[in-house]
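Below is one structure, written out as structure tokens; the observations come after it.
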Amino acid sequence: MPTEDPKSNSIKRAYFTSVRSGIIELAKDWRAVRLPPVRMEGKPLSAMRFKKMLPSEFARESRYYVGYDGKAVFVLDPANHEHIDCTEKDVYLVGSFNGWQKAVGDEAWKLSRSTLDGRSVFMLKVDLEALGGDEVSYFKFVTGDGVWFPVSSSSMTAVSDGNGSWNYTFNRKQTGRHRFEFEVIEPIKLSEKYHLLYHCRYQEESQRACIKLGSFFYQLGTDKPLGAIVSQNKTVFRLFAPRAKWVKVGILHDIDNQESVEWILMNHCKDHSWEVKIDRNLAGAYYWFRLDGPNDEFGMFDPSINVLDPYAKACVSRVGPAIVVDESQVQAKKVPLTKNIWWHDLVVLEAHTRDLVANTKFATPEGKPNGFKQLAEYARSDSFYPSKLGVNALELQPIQENDSQSYEEYHWGYMTANFFSPASSYASDPKHGSQIEEFRDLVSAIHEQEMVVILDVVYNHVGEPAHLMRIDKMYYFNLNAEGHLMNWSGCGNDLNCDTRMSRRLLVDSLKHLVEFYGVDGFRFDLADLVGKDALVEVEKELQAIKPDIILIAEPWSFRGHIGKDLRDTSYSSWNDGYREALKKYVRGDYGHDGITYFLKGSPDHYATWPAQTINYVESHDDRVWIDNITERANYDGSNPAHNDIRRTHMMISMLMMSIGMPMLHAGMDFLGSKQGVNNTYQDGPRNALNYSRQGAYPNTSEYFRAWIELRLSDVGKLVRLYENPGEGYFEFIYAHHRHAFACVYNASGELGEQRLLFAANPEEMPLNLEIGKWADFDWTQVADHERVWGIKGSPYSVEVDKGIYLPPLACGLWLTNL
């Protein structure tokens, strides 16, 4: 008699699909019609009814099943990928069994239109032999023109390959005939925990399996207004908390006497929200929530802990309390942009609220924190650094409430405590919610300088205390099977942006920042963890209220890189490939073949339209540019070498001559250094802009300003492209066996007779670069490695009929004379 695995009929997982039904999955196919005796712990056998499921139902989550004819059936539902137009595209199955991309174009792996359980789908039937002999194999779907269908990380069969990509798994032992559906006589309570008791063959003792809440749980939600809703003579408090046993709101009128909190039990509603109505206008009062519920690996409810309202419009600090705000009483003032700035015309400066103002006359006296009020005053002055630099977009590092331990503590802001409230630590009077008016005024002040305001926002993890964890850890966070927090962010917890109310929280808070504060756009931190589906919904919702909203993604995380997946959206993405390539190129460590790809705007692979790539070499993270490329020891560029400055000049010229949206980090133009320190996220003195370096390196500071002006001038129109250029738009000329190159813009003449000629030499040896037929054109030099003359041209006579002379570590730009 052959030996049989004693757990051959063990339960792999069990989960509820509603409050009255669920699914049991065995470790392998169960050929018998009936399931062995199974009952819910604490309930009689009669409390559950079972039914074997059809194999085809398995495909909804697994994307495959094995039919009764023994063939594997792979299923793609286009309704799950509405952002990909499949009407005229061929769709292919690719995987570890057919060479992945090699299968594209092979009719044997092409899916056909079909119907499955009433749904219109793409389907392919395959003999099991064609899938090889492995028990487990991996697959996904792709169009004939190379558009990959994202793998849903919430799918029961989705696995990461460890390199940032996700695939579906095909398991020969799980064909769809390993699943049973069950019904319970009485609806379950979401605040309770349920287990199954069953026997495995050859084992005397009963086995115990937890019944988890399935995908239905994560789609629970409400459309009611949330938070503290104030009307003329009434205040409603409302919180969504699906697994809470009870919720209380604590109302406080004297912030200095927190013992006087009045706790009121809230009413449970059918949509799993809790609410209470107070017949008073409580604007200006303070409040917290308290909740009770499961306290186990999937829940962290604690009835003794005060919880900050996730919909609070203002809060006193990271721990609360929240402030009741009557938005109708807040002075309405909107300062529109004096001109509409197209994405293609933007030059972005990333900066921190306190860093900008710390070393100016507008800073507060020592010991008091700088914030929105001081920056607004600085922005309205003639000395405002971003204005003098000439940028037209200011990207502020996070300004939402963060987990600063005190008002004075310096913080980058990437540990968000509340998504609606501007940071209390940037307010002059946080106890009375002054951050609301002060941030509104800051946005207006920046708009007055004809700049757009972009906010860095963090929706991939939260700071401490993690208030959402106390509202429902299971609902709001990504957990593994044991209930442990996922940590692809590197910050200890990853938000689950795919639940209905997480998604609503994300969208509602962003819309609030646009509609109430006048913000023009957002940069999403670690957007890979937010996920494409959530980002697409944000795109749709925000464009409905502001069609020209600016959307930028930092497309990576420790889990993967979403850059390719965003090509069919209106998101621009930070281009880490560009960043690394340019650092290497100016040091002579990267060939011209690679750098020309980035100069053209990273087409196809990264960007499908000209401004979709955010070109940059320095941001708040990691070492700054000058420390990275310096010839000085210990990555300390505070006293840069001569070659460091030459390489920096070459960098800014290439950045401004690259197709895409250029981004600078504040202080780059005066060679700002962190003295070799890599991570300065809480180092205020080191991050504060040292404006005295503008006087120490005036030529470099002016060189940056002039290049920005040149790009935004009529000369730069051949770089600020609004549409993808034709095949012959660029013509590159390469130095033989050298890294130097020249590029002619509008070589095809498709944008008129004007041409630009840009050249760079990253080596420490001079050369003469012959430019062929282009030597016959009449050129005026408008920039070199030290000066930018603009359209008036160089006062020196520079002939190019015998080629371009490029000194060591040099660059230049020429314009045709019309």
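The values are calculated or read from the model by the stated rules, or taken from the named source; none is laboratory data. Predicted, not measured: the structure shown is a model, and the values here were computed from it. Here the Cβ positions follow ideal geometry from the backbone for every residue, glycine too, while neighbour counts run over all protein chains shown. With ligands, DNA and RNA removed, areas are computed over all heavy atoms of the protein, side chains included. Shrake-Rupley method; radii C 1.70, N 1.55, O 1.52, S 1.80 Å.
Of the residues making up segment 623-658, those that are aliphatic (A, V, I, L, M) and touching a Phe, Trp or Tyr at 6+ places or on another chain (Cβ under 9 Å) are I645, M650, M651, I652, M654, L655, M656, M657. The numbered conditions (1) more than 28 Å from the chain's Cα centre (by Cα); (2) assigned to a loop (DSSP other than H, G, I, E, B); (3) surrounded by 24 or more Cβ atoms within 10 Å (Cβ to Cβ) are all true for Q374 except (2). When each of G591, G601, G563 is tested for being open to solvent by less than 50 Å² (accessible area, probe 1.4 Å) and on the phi > 0 side of the Ramachandran plot, the lone residue that passes is G601. Given the condition assigned to a strand (DSSP E or B), out of contact with any strand residue (DSSP E or B) (no Cβ under 7 Å at 6 or more places or on another chain) and touching a residue at least 12 places away in the same chain (Cβ under 8 Å), answer yes or no: does some residue in segment 275-287 qualify? So far as segment 275-287 goes, no, none of its residues is assigned to a strand (DSSP E or B), out of contact with any strand residue (DSSP E or B) (no Cβ under 7 Å at 6 or more places or on another chain) and touching a residue at least 12 places away in the same chain (Cβ under 8 Å).
Taking strands (runs of 3 or more DSSP E) as the structural unit, those lying wholly within segment 78-194 and holding at least 3 residues that are surrounded by 13 or more Cβ atoms within 10 Å (Cβ to Cβ) correspond to 91-95, 119-126, 136-143, 158-160, 166-171, 179-184.
Kindly provide the set of residues from segment 43-59 that are assigned to a loop (DSSP other than H, G, I, E, B) and either farther than 16 Å from F16 by Cα or open to solvent by 60 Å² or more (accessible area, probe 1.4 Å) (or both), ordered by number.
Residues of segment 43-59 assigned to a loop (DSSP other than H, G, I, E, B): 43-44, 53-54.
If the condition is that a residue be assigned to a loop (DSSP other than H, G, I, E, B) and either farther than 16 Å from F16 by Cα or open to solvent by 60 Å² or more (accessible area, probe 1.4 Å) (or both), then K43, P44, L54 are the ones that fit.
Of all residue pairs spaced 6 or more apart or on separate chains, those with beta-carbon atoms under 6 Å, a first member in segment 562-591 that is closer than 18 Å to N615 by Cβ and a second member that is in a helix (DSSP H, G or I) and of a type in the set (F, W, Y) are Y578/F598; A581/F598. When N690 is tested against (1) part of a loop (DSSP other than H, G, I, E, B); (2) without any contact (Cβ under 8 Å) to a residue 40 or more places away in the chain, exactly one condition is not met: (2). Restricting S381, S387 to residues that are open to solvent by 10 Å² or more (accessible area, probe 1.4 Å), among the small types (G, A, S), part of a loop (DSSP other than H, G, I, E, B) and in contact (Cβ under 8 Å) with a residue 12 or more places away in the chain narrows the list to S381.
Being farther than 28 Å from E366 by Cα, open to solvent by 10 Å² or more (accessible area, probe 1.4 Å) and of a type in the set (D, E, K, R) narrows it down to one residue among R693, R647; which is it?
Values: R693 fails: farther than 28 Å from E366 by Cα.
Of R693, R647, the one residue that is farther than 28 Å from E366 by Cα, open to solvent by 10 Å² or more (accessible area, probe 1.4 Å) and of a type in the set (D, E, K, R) is R647.
Pairs are defined by a Cβ separation below 8 Å, a sequence spacing of at least 6 or placement on different chains, a first member in segment 44-56 that is among the small types (G, A, S), and a second member that is open to solvent by 60 Å² or more (accessible area, probe 1.4 Å); the pairs so defined are S46/I185; A47/R39; A47/I185; A47/E186; S56/D117.
Looking across segment 596-646, the residues that are assigned to a helix (DSSP H, G or I), within 22 Å of L757 (Cα to Cα) and of a type outside the set (A, V, I, L, M, F, W, C) come down to T596, Y597, P610, R646.
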